[in-house]
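S.K.: Pasting a structure below so you can have a look.
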Amino acid sequence: MADRSAAPVRKPRVDAVRNRERVLEAAKAVFSAGGPEASLEAVARRAGVGIGTLYRHFPTREALFEAVYRREVQQLGELAEQLKSEPDPVEALRRWLRSNVEFVGTKKGMTTALALAVKPSSELTAFSFERLTQAVGALLDRAIAAGDIRADVSPEDLLRALIGMCYMHDQPGWQTSVMRLLDVFVDGLRRPAGIETKHKRSAPTRARKPAAAATKTPRR
């Protein structure tokens, strides 16, 4: 006889799912803008929902922070998949890195607006680092395989450089400065014309080298 004690799992109502997405999108916009108006009440107004609805979906400031954070990381992963079909591998890589500047801006805005003194949880940090490394790694491998980007750079190198540029700038309009520096950085990764014929690789290689080999100056 079938066990009827377990209640069926109900799917979220369509309007509830829609409201949650509206709150997340509104939070991204409000917190990215920053300023004294970047409050939970402002998020609710922009989303067109009551503050009670916001708290039903996100009972704490930290819950809202984590949900927006995860959503941004997921979207960056999806963007990387889309850019893998772009004809120019370097421009695809550049576009993905530039989208990350917006992500960092949202994160910085949330930390300030929500007065979060704590850093993201270790689980959340691990999730984002793994997802973003995988995403940029696929675009980097494609550019290396095309002979457009030098092969001695890793996905971790790109993410560390990007984060460093973003957090070294805190003045209004910092995104514009970072975008300019990001273009300089990406252009500096390009392999000089003709060099790929001397160092042609059958597949992109980003394996870690032994310490002694890693310090060896590449032959020009």
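S.K.: Hey, can you find the accessible area per residue of the stretch 137-196 for me, probe 1.4 Å, expressed in square angstrom?
M.R.: Here the residues of the stretch 137-196 average 51 Å² of exposed surface.
S.K.: For a Förster distance of 30 Å, can you work out the FRET efficiency between the beta-carbons of PHE185 and ARG61, rounded to the nearest 0.05?
M.R.: Computed FRET efficiency for PHE185 and ARG61: 0.35.
S.K.: Quick one: what are the phi-derived ³J(HN,Hα) couplings along the stretch 84-95, Karplus 6.51/-1.76/1.60 with θ = phi - 60°, whole Hz, x for glycine and proline?
M.R.: Going residue by residue, I get 5, 9, 5, x, 9, x, 5, 5, 5, 4, 4, 4 Hz, with x marking Gly and Pro.
S.K.: Given H placed 1.01 Å from N in the peptide plane, which residues other than close sequence neighbours of ILE149 have an amide H under 5 Å from its amide H?
M.R.: Under 5 Å from the amide H of ILE149 lie the amide H atoms of ILE144, ARG191, each far enough along the sequence or on another chain.
S.K.: Would you compute, for the Cα atoms of the stretch 25-80, the largest minus smallest coordinate along each principal axis and list the three values in descending order, in whole Å?
M.R.: 34, 24, 19
S.K.: Residues of the stretch 7-109: accessible area per residue at 1.4 Å, in Å²?
M.R.: Ligands and nucleic acids excluded, the result is 54 Å² per residue.
S.K.: Each label point is 7 Å from the Cα along the Cα-to-Cβ direction; what then is the distance between the points at HIS169 and PHE129, in nm?
M.R.: 2.5
The values are calculated or read from the model by the stated rules, or taken from the named source; none is laboratory data. Remember, predicted model here, so these are calculated numbers, not experimental data. So basically every Cβ, Gly included, is an ideal-geometry build from the backbone, and we count neighbours across all protein chains shown. Heavy atoms of the whole protein, side chains included, go into the accessibility calculation; ligands, DNA and RNA do not. Shrake-Rupley method; radii C 1.70, N 1.55, O 1.52, S 1.80 Å.
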